[in-house]
1. Please indicate, with yes or no, whether at least one residue in the range A:31-46 is within 14 Å of another protein chain (Cβ to nearest Cβ), at pLDDT 90 or above and touching a Leu at 6+ places or on another chain (Cβ under 8 Å).
2. Among the residues of the range B:73-105, which ones are closer than 26 Å to B:Gly273 by Cα and open to solvent by 20 Å² or more (accessible area, probe 1.4 Å)?
3. So, of the residues in the range A:34-55 that are over 16 Å from A:Gly220 (Cα atoms) and within 13 Å of ligand 1 (Cβ to nearest atom), which turns out to be surrounded by the most Cβ atoms within 10 Å (Cβ to Cβ)?
4. Are any of the residues in the range A:11-22 within 16 Å of ligand 2 (Cβ to nearest atom), hydroxyl-bearing (Ser, Thr, Tyr) and touching a residue at least 40 places away in the same chain (Cβ under 8 Å)?
5. Return only the number of the condition from (1) in contact with a Phe, Trp or Tyr (Cβ under 9 Å, 6 or more places away or on another chain); (2) more than 18 Å from A:Val142 (Cβ to Cβ); (3) within 16 Å of ligand 2 (Cβ to nearest atom) that A:Phe83 does not satisfy.
6. Within the range B:194-205, track down each residue that is open to solvent by less than 40 Å² (accessible area, probe 1.4 Å) and at the interface with another protein chain (Cβ under 7 Å from one of its Cβ atoms).
Amino acid sequence: MSKIELRGVSKAYGATLALRRGDLSIDAGEVHVLIGSNGSGKSTLCKILAGSVRPDGGEILIDGKPVTITGPRSARDHGIGIFYQELSLAGHRTVSENICLSDMPVTRAGFVDRDALEARAARYVALFASVAGDGFSADTTVENLRADQRQLVEIMKALATEAPVIIFDEPTSALDRAQVDRFFEILRDLKAEGRSIIFISHRMDEIFAIGDRVTVIRDGETVGTERIADTNPAAVIRLMVGTQDELAPTNGAPHATAVARTFVLTLQNLSGKGFANVSFEVAKGEILGFGGLHGQGQSSVLRAIFGVNPVASGEIVLGGKTYAASNPREAIRRGLAYVSGDRGRDGVISGRPILENVTPIHYLRQKLRLARPAALADRVRPALEALHTKFGGLGHPINSLSGGNQQKIVIARWLIDRPDVLLLDDPTKGIDLSAKTDLFALIRKLAAEGMGIVLYSSEDAELLNNADRILVFNGGSVRRELTGADRTRYNLYQAAYEAA
Amino acid sequence: MTDATLPTTRPGGLKRLVERYPFLPALVIALVLLALNGFYQPRSVSFIGITGLTKTYLALMMLAIAQTYVVYAGDIDLSAGAIVSLVNVVIVVMMEKMGGSGFSVVAALGLGLATGLACGIVNGVVVAALRLQAIVATFATSIFFTGLALYVMPVAGTPAPAAFWRTYGGRFFEIPFVFYAVVVLAIMLYVLARTRLSTQLLAVGDDAQAAFQSGLPVTRIRIQGYALCGLFAALAAFCVTGDTASGDPLVGGKMTLFSVAAVVLGGSALSGGYGTVIGSIIGALIIGLINSLVFFVGTPSEWQNLVQGLAILLALMAGILVGRRARA
Ligand SMILES: Nc1ncnc2c1ncn2[C@@H]1O[C@H](COP(=O)(O)OP(=O)(O)OP(=O)(O)O)[C@@H](O)[C@H]1O
Ligand SMILES: [Mg+2]
């Protein structure tokens, strides 16, 4: 009998179906790996099990008995502990307090028993003493720790639950080799005690090093479970990809302009925070795709080119001239454009009218100081119409629009004065399908008119369907270039999941 | 003297110190203000002067403490002053109705605490359970509480019985009563700081989602924070009553934002998760010292508000600068 079983668990966030049909069965004393591409629903499934997300449907059985998990506390009572992918730490509290936060020991008088608390925390801190690195101690406040050290604290916190079932949702993403090795030793000890582990990672080598079985989730649906001993990375990737490879790339003739490829943007061994030795060139009329798992340096490169993040070394050539990316103003003057999917942070001027949201680049490029609103409106309307933007009036605040339409406004900003190079940083995050279609049609048109375009997308289908070439990022550098018929989902996944 | 000859000022050491005791910048400012007070009016730093200052500002200190517990959790209570008013009129009316005897005082204080607690719980339920925005919701309840206070005592002026304010202003064994109150308060705060609730409130303020995911009962914790706030607002009302010796349904209104200012002056973050009660007490003291300093330097009365405001602004900036320098 399985320790835990999930049957047809589902969860929707508004219109997003995060988990369609999650099935999972975990035995006692096994490390069960969950794998699936970004956004496939792994974390959602884990959170349902851990009680922090209520499922819309489905069944959960523990030791064969159906249970209802009403909240994180109830999950704990059912013997489930969890490491959260996005961590669940209180930044201003100490390591010890964080480890014991969910049930702090109290004395008989009702006060926090500091001695017991510190003794309990010390046990878990000691487990990682050899690999935690400088500045790590039980009384450090968490906000003063490095990313990997915070991740260790979250691991300790999960271990401190001493639960029979512990979920680790991407616990190794910031850890170094030695830390991962130590963590795996601990996992093996837990296994020997008969505890069950759910382990999520995007690193194929880790999965094969620690897993007993692997369950693959694709688009919110469990598509299969295999014994690690009986499978291999290629088979797992095929399961993740499914039959979607039949959806061959659909765009017209890539490299149609290849005859006279003039490069508008060239990078030579560019390095900076989060990426190293990135080199590529973008030709006029080309759409160059950036692929790979989230956070492998794609955004960092784009933001460095646009002068948002500093460049440590390497060279950027823009329109034949070297260019020192110093700040976005300079980048805009030099004919670069940058559209981010993180509208809140990078795009929308919140609370201001649509007109003001479309025109700032126009002001900068034309060195305008004063302008007649009516004249501006005449320039703005065509740009908005090209994108099929739905809006009440140019004077309406931008916040009155849906996410997709807000994104169109942000893009329209760049269309009044055409840039030479358009950098797209996951531009379709949170926008609907028809808006996406409009957007990609427009991007293709801009390319055809001679713009060089770099497109980073976290959705593989978008890349496969729209990019002429794809650079697959892994661990901050380009692992592989996919061109022509090589641009398949299988190749994309393989390069992305390869050991970095 | 060059920097090289100062081996002891390790920046890391100062940083650690301020991190551990976020109220240190406030303490420095308070001491500077105290010195300035003494410079302009030597008598103000005498025993009698300090007693008077404590007597007048004990209420604000209490209310700053009250505010701190909700700010810990990232909430705010804009009704704190209204609770003070309500408790003030409730106890004055109660003592008057019962004849002003010693027993009536004790009974009235009990009722006052209950009133404060009830108001706090109402706030907590509205904010944490019904999930209304803390600023707006407590602004609304403040109007409601003020309405209640006006119902209990439509016009200001009912005097508190002598037994009450004589005690508050009096001395026992040559030591002013307010100092006993301060000692009791210190013990209470020490006890509270060691309960689980303080840490839980701070954890909720740090990241409510993370706290929830860690299995903390976030709603209950936030309600408890507001309840504690209500209790301390009631204590503040006792001090106000002792100081003014009368009932006034609007007495606390202007104290609300002073309590928030005191919390910020004391180094706590309004976004929650970071702060100390001691800091808020010092913050209240700073406001008191600024007010008396403005008076002692002989500011013309029509300028006093303006100068007070500027001085508080300066103190805030100084606190932030010192804090940032130390933490950088
Ligand atoms: N709180 C939320 N509100 C709205 N949508 C959400 C929320 N959480 C997740 N989603 C969406 O649900 C889908 C599944 O997300 P989930 O976090 O489970 O993916 P995942 O498999 O863990 O991906 P990753 O490998 O990137 O961690 C995604 O499309 C995501 O955008
Ligand atoms: Mg996830």
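1. Yes; the residues of the range A:31-46 include at least one that is within 14 Å of another protein chain (Cβ to nearest Cβ), at pLDDT 90 or above and touching a Leu at 6+ places or on another chain (Cβ under 8 Å).
2. Selection gives B:Gly74, B:Ile76, B:Leu78.
3. Ranking the candidates gives A:Ala50 first.
4. no
5. The number of the failed condition is (2).
6. Residues satisfying the conditions are B:Thr195, B:Thr199, B:Leu202, B:Ala203.
Quick grid of which residues meet (1) in the same structural domain as A:Gly292 (by TED's automatic domain parsing); (2) part of a helix (DSSP H, G or I); (3) away from ligand 1 (no atom under 16 Å from the Cβ); (4) among the β-branched types (Val, Ile, Thr):
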position: A:Thr172; (1), (2), (3), (4): no, no, no, yes
position: A:Asp181; (1), (2), (3), (4): no, yes, yes, no
position: A:Ile186; (1), (2), (3), (4): no, yes, yes, yes
position: A:Val214; (1), (2), (3), (4): no, no, no, yes
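Residues checked against (1) touching an Asp or Glu at 6+ places or on another chain (Cβ under 9 Å); (2) within 9 Å of chain B (Cβ to nearest Cβ); (3) modelled with pLDDT of 90 or more:
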{"site": "A:Lys65", "(1), (2), (3)": "no, no, yes"}
{"site": "A:Gln85", "(1), (2), (3)": "yes, no, no"}
{"site": "A:Val95", "(1), (2), (3)": "yes, no, yes"}
{"site": "A:Pro105", "(1), (2), (3)": "yes, no, no"}
{"site": "A:Phe111", "(1), (2), (3)": "no, yes, no"}
{"site": "A:Glu118", "(1), (2), (3)": "yes, no, yes"}
{"site": "A:Gly133", "(1), (2), (3)": "yes, no, no"}
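The values are calculated or read from the model by the stated rules, or taken from the named source; none is laboratory data. Computed from a predicted structure; not experimentally measured. FYI the Cβ positions are ideal-geometry reconstructions off the backbone, even for glycines, and counts take in every protein chain you see. Just the protein is used for accessible areas: all its heavy atoms, side chains included, with ligands, DNA and RNA removed. Shrake-Rupley method; radii C 1.70, N 1.55, O 1.52, S 1.80 Å.
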